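The values are calculated or read from the model by the stated rules, or taken from the named source; none is laboratory data. Quick caveat, the model's predicted, so the values are computed rather than measured. With ideal geometry, Cβ positions are generated from the backbone for all residues, glycine too; neighbour counts draw on all protein chains shown. Protein only, heavy atoms only, side chains kept; ligands, DNA and RNA dropped before computing areas. Shrake-Rupley method; radii C 1.70, N 1.55, O 1.52, S 1.80 Å.
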Amino acid sequence: MKFNRELSIIQQKMATSSAGVNRRQAALKALNLETGQTVLDVGCGGGHLLEDISLAVGEKGLVYGLDPSEVQIKSAQSRCKKLKNVKLICNSASKIDLTTKSCDSVASIQTLEYIKNLDSTLEEITRVLKNNSMFINVSVLWDHFKFHGPENKLNNLMHEAFKSHCFHQMIPMVLGGKLKNLGFKNIKNHELSFLITKRHKNSPAVYAEMILSKHALKQGISEEKVLDWQKQLEKAEKNKTYGFTSFPVLTVSYLI
């Protein structure tokens with residue numbers, strides 16, 4: 001899924017929603033950062049996590065934000081313009097332009113599922129990590145990402161179209177084994193799942209609905225069907241039969 005300006009804005013709104021805030025808090029707690037550390041954020045997006053990491057490692061620390069989208073990098077530059085310890089790199093995660101063993105920690109938040117060559121990216125992440133360092137990742141179990149309320153046939157059509165938005169649907173199911181083969185130890189998963197039953201303005205469900213709708217249109221679903229689906233979601237909310245479920249997983253691992 002390519003991040004144009006419109007999708008970038010939606011992603012940034014998602015990052016400031018309750019789900020986005022909770023996800024960043026969980027990531028920061030897992031990283032357990034110290035002043036002076038060097039940290040890489042793979043798929044930094046609009047820079048929300050970069051900002052938090054920058055404050056945690058302090059002026060003597062260094063934070064790299066990597067993202068292939070020029071639109072996202074510009075957004076991150078704007079957000080982090082006053083932070084002197086943040087450096088941004090517009091490049092692919094399969095070719096990280098950093099010195100071998102230069103990072104104390106690497107974070108990847110809902111990024112790996114969008115990278116076709118997952119193995120080469122994990123090898124690059126391993127390369128830039130120092131000994132006794134940490135890698136954390138948040139990825140969604142997309143089979144459990146679902147809206148509830150519309151009639152089944154139309155709802156299934158919308159969700160089936162959305163599957164093509166990323167290369168990997170169930171990253172947390174395979175990530176542990178891949179990391180173990182690369183030498184990581186003490187690999188643990190922590191669920192960040194949530195259920196939403198109201199479509200209020202700052203709800204991650206509303207932004208997810210926007211993204212799913214736009215992707216369905218690109219996949220050839222008619223505007224009439226997309227609008228019908230949205231109306232059925234609205235009706236389901238009024239009838240108190242509406243729901244949105246998502247199952248992000250935080251994976252924490254250590255390179256000894």
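The residue that is nearest to L157 (Cα to Cα), counting only those in the stretch 201-215 that are open to solvent by 60 Å² or more (accessible area, probe 1.4 Å) and not hydrophobic (A, V, I, L, M, F, W, C), is K214.
Please work out which residue is surrounded by the fewest Cβ atoms within 10 Å (Cβ to Cβ), limiting yourself to the stretch 152-172 and to residues that are aliphatic (A, V, I, L, M) and in contact with a strand residue (DSSP E or B) (Cβ under 9 Å, 6 or more places away or on another chain). Full working, then the answer.
If we filter the stretch 152-172 for residues that are aliphatic (A, V, I, L, M), which is where we start, we get 154, 157-158, 161, 170-171.
After this cut, where a residue has to be in contact with a strand residue (DSSP E or B) (Cβ under 9 Å, 6 or more places away or on another chain) as well, the list is 158, 170-171.
Values: M158: 24, M170: 16, I171: 26.
Out of the qualifying residues, it is M170.
Listed here are the residues, each with its yes/no results for (1) touching a helix residue (DSSP H, G or I) at 6+ places or on another chain (Cβ under 6 Å); (2) on the phi > 0 side of the Ramachandran plot.
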{"position": "G149", "(1), (2)": "yes, yes"}
{"position": "L154", "(1), (2)": "yes, no"}
{"position": "E160", "(1), (2)": "no, no"}
{"position": "Q169", "(1), (2)": "yes, no"}
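If the condition is being under 17 Å from L255 (Cβ atoms), within 17 Å of the chain's Cα centre (by Cα) and outside any strand (DSSP E or B), then the stretch 94-149 contributes L112, T121, L122, I125. Checked against (1) surrounded by fewer than 18 Cβ atoms within 10 Å (Cβ to Cβ); (2) touching a residue at least 12 places away in the same chain (Cβ under 8 Å), S133 passes all but condition (1). As for the stretch 161-175, it holds at least one residue that is aliphatic (A, V, I, L, M), assigned to a helix (DSSP H, G or I), without any contact (Cβ under 8 Å) to a residue 40 or more places away in the chain and closer than 21 Å to A30 by Cβ. Residues considered: K198, K218, K188. Of these, the only one that is open to solvent by 70 Å² or more (accessible area, probe 1.4 Å), under 30 Å from I256 (Cα atoms) and not small (G, A, S) is K188.
Kindly indicate whether Q232 is open to solvent by 30 Å² or more (accessible area, probe 1.4 Å) and not in a loop (DSSP other than H, G, I, E, B). The answer is yes for Q232. Checked against (1) surrounded by 22 or more Cβ atoms within 10 Å (Cβ to Cβ); (2) within 25 Å of S246 (Cα to Cα); (3) modelled with pLDDT of 95 or more, V39 meets all criteria but (2). L88 falls short on exactly one of the conditions (1) surrounded by fewer than 18 Cβ atoms within 10 Å (Cβ to Cβ); (2) closer than 20 Å to E51 by Cβ; (3) touching a helix residue (DSSP H, G or I) at 6+ places or on another chain (Cβ under 6 Å); (4) of a type outside the set (F, W, Y), and that condition is (1).
Take the residues of the stretch 176-185 that are open to solvent by 50 Å² or more (accessible area, probe 1.4 Å) and outside any helix (DSSP H, G or I): which is nearest to S18 (Cα to Cα)? Filtering first and then ranking leaves K185.
Listed by first and then second residue, the pairs linking a residue in the stretch 229-256 that is at pLDDT 95 or above and of a type in the set (G, A, S) to a residue that is open to solvent by 60 Å² or more (accessible area, probe 1.4 Å) and assigned to a helix (DSSP H, G or I), with Cβ atoms under 9 Å apart and 6 or more places separating them unless they lie on different chains, are S246/H144; S253/K180.
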